[in-house]
Amino acid sequence: MYTIGEVSKMFNIPISTLRYYDKEGLFPKIERKSGIRQFSEEEIEAIRVFDCLKKSGLKIKDIKHFIEWTQVGNETLQVRKELFDKQKIQIQSEIENLKKTLDMINYKCWYYSEALKAGDENSVITKIPNDLPQDIKESYFNSHS
């Protein structure tokens, strides 16, 4: 069992946030001893899932629905899987967008390094897009598609 302070440090989450989660019903089985929350491994795993779902764009109210579904039991397995399938698609899309962003950054880092070596941009501009190094060409085309 863990105290709220230990959990706060473990996940770098403010104690007030953990209290809010509890108030919102996200820890339906949390035990209290003398009024003090005792976080079990079940709550620790729940926090990991909350963190994942929050990072994937879900709001607390939607996470609360997920918790409610888990309380219902096996009859909500399909809807819970669909929630994660949906979030997976969203994250994969974000990753693709981030890859495009990284490719633009890689291309521009190369571009400005070459321009600095040459003392101007004109010699670099003439290489675009066909005379770029292969890795930079790939970055260029991905970032411009």
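The values are calculated or read from the model by the stated rules, or taken from the named source; none is laboratory data. No experiment lies behind these values; they were computed from the predicted model shown. Positions of Cβ are generated from backbone atoms using ideal geometry, with glycine treated the same way; all protein chains shown enter the neighbour counts. Surface areas here come from the heavy atoms of the whole protein model, side chains and all, with no ligands, DNA or RNA. Shrake-Rupley method; radii C 1.70, N 1.55, O 1.52, S 1.80 Å.
The accessible surface of the chain, taken with every protein chain in place and a 1.4 Å probe, is 53 percent carbon and sulfur. When you count the other C-beta atoms within 10 angstrom of each residue and take the mean per peptide, 91-101, 60-70 line up highest first as 60-70, 91-101. Here Rg and Dmax of the Cα atoms in Å was computed from the coordinates, and among [x] 24.0, 74; [y] 19.9, 60; [z] 14.6, 45 the match is [x]. Each peptide among 130-138, 103-111 gets the average number of other Cβ atoms lying within 10 Å of its residues, and from highest to lowest they stand as 103-111, 130-138.
Taken one residue at a time, the phi angles of the range 133-140 give Karplus couplings (6.51, -1.76, 1.60, θ = phi - 60°) of x, 3, 5, 6, 4, 4, 4, 4 Hz. Gly and Pro are set to x. Comparing Glu121, Glu24, Glu43 in a Gaussian network model of the chain where C-alpha atoms under 10 Å apart are linked, the largest mean-square fluctuation is found at Glu121. To the nearest Å, what is the center-to-center distance of the range 1-23 and the range 94-145, using C-alpha atoms only? What the calculation gives is 45 Å, centre to centre.
Cα extents for the range 75-145 along the principal axes, largest to smallest and rounded to whole angstrom: 67, 19, 14. Based on protein heavy atoms only, the chain ends up with 67 Å² per residue of surface accessible to a 1.4 Å probe. In summary, the aspartates and glutamates within cross-link reach of Lys81, defined as a Cα separation below 18 angstrom excluding same-chain residues under 8 places away, comprise Glu45, Asp51, Asp62, Glu68.
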